[in-house]
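The values are calculated or read from the model by the stated rules, or taken from the named source; none is laboratory data. From a predicted model like this one, the values you see are computed outputs, not experimental measurements. Virtual Cβ from ideal backbone geometry, glycine too; neighbours counted across all protein chains shown.
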Amino acid sequence: MLVDMAEKLFADLTTDRSAPFATLWPRVEEMGFGGLLLGEEEGGFGGDAGDAFAVLKTAGAAALPLPLAEEVFGRLAAARAGVVDVPGIVTIATRWDGGIAGRRFTGTTTAVPWGREAGAVVLTGNGPDLLVMARGARVLREDANPAGEPRDTLSFEGAEVHEVPEFSALHWGALSRSAQIAGALDRALAMSIEYANERVQFGRPIGKFQSVQHSLAIFAMEASAALSAGQAAARAAEVDAAHFEIAVAKCRASQAAAVGHASAHAAHGAIGFTMEHGLNHLTRRLIAWRSEFGGQAFWADRIGEHVLTMPPGQFWPNLTARSDVLSRAAGSK
Amino acid sequence: MLMSDTFRFTAPPGADELRAKVRELAEGYLADKDPVTRANCWMRPDPAFSLLAGEAGLIGMVWPKKYGGHERTAAERYIVMEELLAAGAPVCSHWVADRQSGALLLKYGTEEQRQKIIPGIVRGETYFCIGLSEPGSGSDLASVRTRATHTAEGWRINGQKIWSTIAHKSHYMIALIRTGSEEERQKGLSQFLIDLSMPGIDIRPIRDLTGTEEFTEVFFDDVLVPDSMRIGEVGEGWKQVTAELALERSGPERYLTSFSLLNALIRFGQTSGRDDIRRLVGQAVAELWSLREMSMSTAAKLASGEDPVVEASIVKDLGTGYEQELPRAVQALLEEVDFASGDDFGRLLAYLLQASPSFSLRGGTREVLRGIIARGLGLR
């Protein structure tokens with residue numbers, strides 16, 4: 001039901017891709033999607049990681065041009081930090097410089113999703129996560145990722161800081177991007193199949209040619225792998241921090257994103273390369289999301305580190321014990 | 001349209017004990033066996049190990065007790081299979097019988113066939129091979145020409161099968177044989193249970209490029225098979241084979257065949273401290289974990305009575321792709337490989353580099369699988 005609601009809303013919000021943030025975002029707020037993971041007593045949905053994965057996958061499939069993932073996990077971080085009332089959006093920064101003195105942050109953050117709209121920014125990836133209030137922050141530079149999604153540089157001077165205990169927005173961001181990639185791959189694959197069945201060359205639909213069939217079969221395999229790894233990570237995140245499973249999910253999704261990007265464009269030919277055709281909203285996001293919140297190599301290094309620090313011969317026993325514990329926890333829900 | 005996690009196993013009670021039991025059996029048997037012996041282990045026949053596995057109750061896990069089976073769950077069966085493979089146990093003798101032949105007999109066989117054959121499979125005594133390919137019929141399996149002619153005494157079989165793994169070390173073959181006309185293609189095929197000790201059968205091993213002689217060609221010269229050895233209905237062979245292939249394609253052997261190389265790579269990463277090895281380990285583990293999720297979900301779907309033909313094809317193609325890429329990727333990172341001094345790592349790499357092309361040939365070629373996936377996507 002949650003996904004049906006999301007699907008309808010996101011379809012509405014993407015009919016006019018020139019609509020400004022100021023008209024789109026209030027519709028998301030009205031529906032309360034930002035509070036997806038907050039408890040009902042905090043005015044939220046009381047959803048879990050699986051719900052978040054499903055909604056963000058739907059957002060990815062719609063190529064929703066809004067910072068929903070950042071808001072969902074940013075609000076959760078704010079609530080954990082005991083900060084309830086944040087105007088604007090809560091977004092996440094993985095790249096930042098600066099220092100803290102007397103619970104005040106002075107420094108800059110770069111490539112912040114929708115930084116220009118931020119009421120607060122979660123700084124992550126280096127020590128404990130910090131929630132920095134953005135009142136009085138300056139937007140030094142408005143920029144965008146390859147998909148045209150705002151990625152801004154902000155400067156803070158003596159901004160109020162709250163520590164977010166036991167939280168890693170880096171991992172939640174990676175799980176979010178895995179979900180968005182899985183959704184975008186699913187939709188781009190469906191579009192490619194539809195197009196291959198319609199487009200006639202040499203007297204038959206191009207989807208009847210074996211080379212096209214095999215390219216789309218590979219696309220489907222990669223999309224399936226991204227989805228399976230992502231869903232497994234979301235299930236694990238309902239049990240604990242799930243750092244290993246999220247690392248795997250983002251590593252695998254990033255690998256799949258590149259294959260899907262190439263295959264979707266190959267299937268669509270020149271028409272898919274136009275701005276007018278909807279494919280680019282998905283494929284440009286795929287290449288951007290592939291690198292955000294840690295690319296394939298970043299997470300491969302983390303996984304490798306995790307595995308290499310196990311005692312000799314313990315990789316397989318650890319792997320299976322972990323998945324047995326997770327499956328039992330999911331099964332007892 | 002994509003495979004998802006609708007079907008899932010929950011780790012059964014006693015999973016830890018079951019894993020420990022299988023590990024102990026495998027490690028006790030393998031003792032100080034080197035990593036080369038542990039690679040591609042489901043292609044290494046060893047009746048002594050199969051007898052031990054049967055004695056330990058690890059064969060016929062989900063089959064009815066009245067045929068000797070253990071009536072355990074599909075999740076427990078999966079645990080046994082993956083633990084045996086991860087250890088590198090030589091499971092080849094009983095693998096096909098346990099994985100698909102016994103299951104096929106339980107589904108389509110007669111009561112007489114089940115009673116006669118299944119208890120021996122469960123004990124680890126009775127071994128099966130697969131009779132599908134022929135010299136003129138590889139990927140185009142529906143073109144098989146080995147023929148069974150109905151006579152007063154039963155079926156008279158003439159023709160030739162090829163690439164049947166361990167036919168010379170098996171008791172039975174389940175063969176796909178033409179009972180109708182060639183024009184009928186799929187509809188003219190039936191399955192037979194063939195006792196390989198019967199007169200008129202000639203089995204010749206074929207040496208593969210790694211030097212082992214585990215696959216064979218099998219000649220049928222007026223072999224007289226009683227009608228009681230027919231499996232299922234006449235003309236239903238294709239349908240039955242297709243269901244059998246989902247069992248064959250989605251299991252853990254599609255991502256654990258080169259597992260001993262991943263273990264060796266982890267050891268190398270631990271001792272060398274090299275960043276590039278650490279990254280490759282991370283990448284390989286990400287793929288392994290994802291494949292395992294997909295394989296378990298497909299096994300759970302099979303266990304629920306569904307027929308996940310497309311999912312099984314996805315697991316096999318992705319899995320064998322990963323297993324073929326791993327030795328190549330390891331080789332690409334090494335400045336030099338010690339192929340010639342008896343070094344374990346070099347020998348393991350040499351073996352898998354040679355053996356891995358077969359991973360995407362046996363059990364259905366990559367090209368055939370992609371055709372099946374494309375059909376599932378609505379492209380054919």
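In segment B:3-26, the qualifying residues are those that are facing chain A (nearest Cβ under 9 Å) and crowded, with 21+ Cβ neighbours inside 10 Å, and the one that is modelled with the lowest pLDDT is B:MET3. Within 11 Å of chain B (Cβ to nearest Cβ), surrounded by fewer than 19 Cβ atoms within 10 Å (Cβ to Cβ) and free of Cβ contacts under 8 Å to residues at least 40 places away in the same chain, is that true of A:PHE209? Taking the combined requirement at face value, the residue satisfies it. The single residue among A:ALA257, A:ALA249, A:ALA270, A:ALA264 that is among the small types (Gly, Ala, Ser), more than 7 Å from every other protein chain (Cβ to nearest Cβ) and farther than 23 Å from A:ALA179 by Cα turns out to be A:ALA270.
Kindly establish whether B:TYR78 is within 20 Å of the chain's Cα centre (by Cα) and either hydroxyl-bearing (Ser, Thr, Tyr) or within 21 Å of A:PRO317 (Cα to Cα) (or both). Yes; evaluated as a whole, the condition is true for this residue. Among the residues of segment A:39-79, the one identified as touching a strand residue (DSSP E or B) at 6+ places or on another chain (Cβ under 7 Å) and among the basic types (Lys, Arg) is A:ARG75. Inside segment B:127-207, counting only strands (runs of 3 or more DSSP E) that do not spill past its ends, which hold 2 or more residues that are among the charged types (D, E, K, R) and either modelled with pLDDT under 95 or surrounded by fewer than 16 Cβ atoms within 10 Å (Cβ to Cβ) (or both)? Result: B:201-206.
Somewhere in segment B:259-272, is a residue crowded, with 22+ Cβ neighbours inside 10 Å and more than 14 Å from every other protein chain (Cβ to nearest Cβ)? The answer is no, given that none of the residues of segment B:259-272 is crowded, with 22+ Cβ neighbours inside 10 Å and more than 14 Å from every other protein chain (Cβ to nearest Cβ). Of the strands (runs of 3 or more DSSP E) lying entirely inside segment A:22-127, those carrying at least 2 residues that are in the same structural domain as A:ALA11 (by TED's automatic domain parsing) and surrounded by fewer than 18 Cβ atoms within 10 Å (Cβ to Cβ) are A:95-101, A:104-113. Could you identify the single residue in A:GLU166, A:GLU222, A:GLU194, A:GLU198 that is of a type in the set (Asp, Glu), at pLDDT 95 or above, more than 15 Å from the chain's Cα centre (by Cα) and crowded, with 22+ Cβ neighbours inside 10 Å? From the options A:GLU166, A:GLU222, A:GLU194, A:GLU198, the qualifying one is A:GLU222. A search for C-beta distances below 6 Å between a residue of segment B:282-306 that is free of Cβ contacts under 8 Å to residues at least 40 places away in the same chain and any residue that is charged (D, E, K, R) and surrounded by fewer than 24 Cβ atoms within 10 Å (Cβ to Cβ), counting only pairs 6+ apart in sequence or on different chains, returns B:GLY282/A:ASP301. Scanning segment A:1-17 for residues that are among the basic types (Lys, Arg) and in a helix (DSSP H, G or I) yields a total of 1. Number of residues in segment A:182-206 that are over 18 Å from A:ARG284 (Cβ atoms) and at the interface with chain B (Cβ under 10 Å from one of its Cβ atoms): the value is 6. Candidates B:THR242, B:THR216: the one that is of a type in the set (Ser, Thr, Tyr), touching a His at 6+ places or on another chain (Cβ under 7 Å) and surrounded by 14 or more Cβ atoms within 10 Å (Cβ to Cβ) is B:THR216.
For beta carbons closer than 8 Å, sequence separation of 6+ or different chains, a first residue in segment A:217-243 that is within 8 Å of chain B (Cβ to nearest Cβ) and farther than 13 Å from B:ASP5 by Cα and a second that is assigned to a helix (DSSP H, G or I) and basic (Lys, Arg), the qualifying pairs are A:ALA217/B:ARG370; A:ILE218/B:ARG370.
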